[in-house]
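Every number here is computed from the coordinates shown, using simple stated rules; none is lab data. This structure is a prediction, so every number in the text was calculated from the model and none was measured. Counting neighbours? That spans all protein chains shown, and the Cβs are built from the backbone with ideal geometry, glycine included.
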């Protein structure tokens, strides 16, 4: 009990400055960028889920195999992400509860249990991608065994999570800094790969779909971009950050939150586009259409673009893997606490969620294939939190002045139906064996 009190006091000290600045902004005492800054952060953490190693896997394979053709899927997925994360952030602000807590409180018990099971499966699939990505980066950087790299990844991500004891702000700044590192790495990769900008612009807005493999990768792109655990987590990040004291304050905070979502999702979207057009320009353009592993991508980049490009690639992958693994563990805590009402120590969850990755590595499975398949699992799990999110954000009694307008509910339902439809097409093609 004493440790909990100390933790709360530390958190209060660490966050007091940001909360005070937020209150000043709400009172009109801070203007312009100074007014927005205290509210930036939650979406930066959620955005890490949109640039995790699963994105590297699906975007590199898609770009190398199909060139620029699937850029439209990346753009569509990131536009959907903006809508979804905005709703999740708004839900936490309006209700003071996260999405899993609302499911447990307002849905039938059996349905809440089913949703919890789906959420835990998606959390495990998420951790596979994140752990494998960071482990592969360390393995290629310093030439240590992959298993050892995975253990190091677990220790480092746990240390990152200890920043939470200092309050929400230090963790937001650290994770946001890693997002900035990833973005800068892809600015460098863009300059080195020199993509065909006319092709980038054309294929970003021109729908195209080939056979079963392209559908699987499209589903994987959506699974790697619009991630179930990010939907659950974002509502938890905003529920008690700067608590509104009135309906008017809730509306004002929400306006600042929309800026936070827009900036973070814009950065994540541009990074995702850069991942794919870099692979299209570098690998597909040079005839390397079979680049199907991160290891292969790294080794192919060296002769094509030079050692600098290969190292920038690994730095971005390491930053992505470490930050997203920490964020995934945070999401797992929110999911368990919300759906079943209790938490386990962070280090226990960190160890448990490491196990599937260690099994994959120990069994000698293809890491890249595991990464892509994990993203397909995430896409198949995505409709559950999406439909729950739409249901709750349209309830006036829960949301008050922040309730969805009818057009927003309709847009969110269309997004959910698009995901369901793409998943159904993939399953049919897989079961029938048609290309």
Along Cα→Cβ, 7 Å out, is where each label goes; now give me the distance between the ones at residue 405 and residue 352 in nm to one decimal. 4.3 nm
Once the Cα atoms of helix 406-432 and of the chain are each reduced to a long axis, what angle between those two axes, in degrees from 0 to 90 to the nearest 10, is obtained? 30 degrees
Quick calc, residue 363 & residue 391: beta-carbon distance into FRET formula, R0 45 Å, rounding 0.05, result 0.70
Against the longest alpha carbon principal axis of the chain, how many degrees, from 0 to 90 and to the nearest 10, is the axis of helix 53-66 turned? 40 degrees
What is the calculated FRET efficiency for residue 113 to residue 289, with r their C-beta to C-beta distance and R₀ = 35 Å, to the nearest 0.05? 0.20
Measuring from the longest principal axis of the C-alpha atoms of the chain, the long axis of helix 109-142 (C-alpha) lies at a number of degrees, nearest 10, equal to 50 degrees
Starting from the Cα-Cα distance between residue 247 and residue 121, subtract it from 0.36 nm times their residue separation and give me the gain in nm to one decimal. 41.7 nm
How high is the relative contact order of the chain? Use alpha-carbon pairs under 8 Å, at least six apart in sequence, and give a whole percent. 36 percent
In whole angstrom, note down how far apart the Cα centers of region 157-171 and region 222-276 are. 19 Å
GNM, the chain, Cα, under 10 Å: largest mean-square fluctuation among 92, 32, 285? 32
Output the peptides 72-79, 189-196 sorted from most to least packed, where packing is the average of other Cβ atoms within 10 Å over each peptide's residues. 72-79, 189-196
Please find, in a Gaussian network model of the chain (springs between Cα atoms separated by less than 10 Å), the residue of 268, 384, 123 whose mean-square fluctuation is greatest. 384
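If each residue of separation counts as 0.36 nm, what is the full-extension length gain between residue 424 and residue 106 once their alpha-carbon separation is subtracted?
Working: separation 318, 0.36 × 318 = 114.48 nm, distance 2.88 nm.
Gain in length upon complete extension: 111.6 nm.
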Simple spin-label model, 7 Å along Cα-to-Cβ: residue 196 to residue 16 in nm? 6.0 nm
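Sort 154-167, 230-243 for me by packing, meaning the mean count of neighbouring Cβ atoms within 10 Å per residue, highest on top.
Going by the mean number of other Cβ atoms within 10 Å, highest first, we get 230-243, 154-167.
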So for each of 53-63, 404-414 I average, over its residues, the number of other beta carbons within 10 Å; can you give me the resulting order with the highest mean first? 53-63, 404-414
What number, rounded to the nearest 500 deg cm²/dmol, is the helix-based mean residue ellipticity at 222 nm of the chain, given -39500 (n - 2.57) per DSSP H run of at least four residues and division by all its residues? -27000 deg cm²/dmol
GNM on the chain, C-alpha springs below 10 Å: top fluctuator among 65, 130, 249? 249
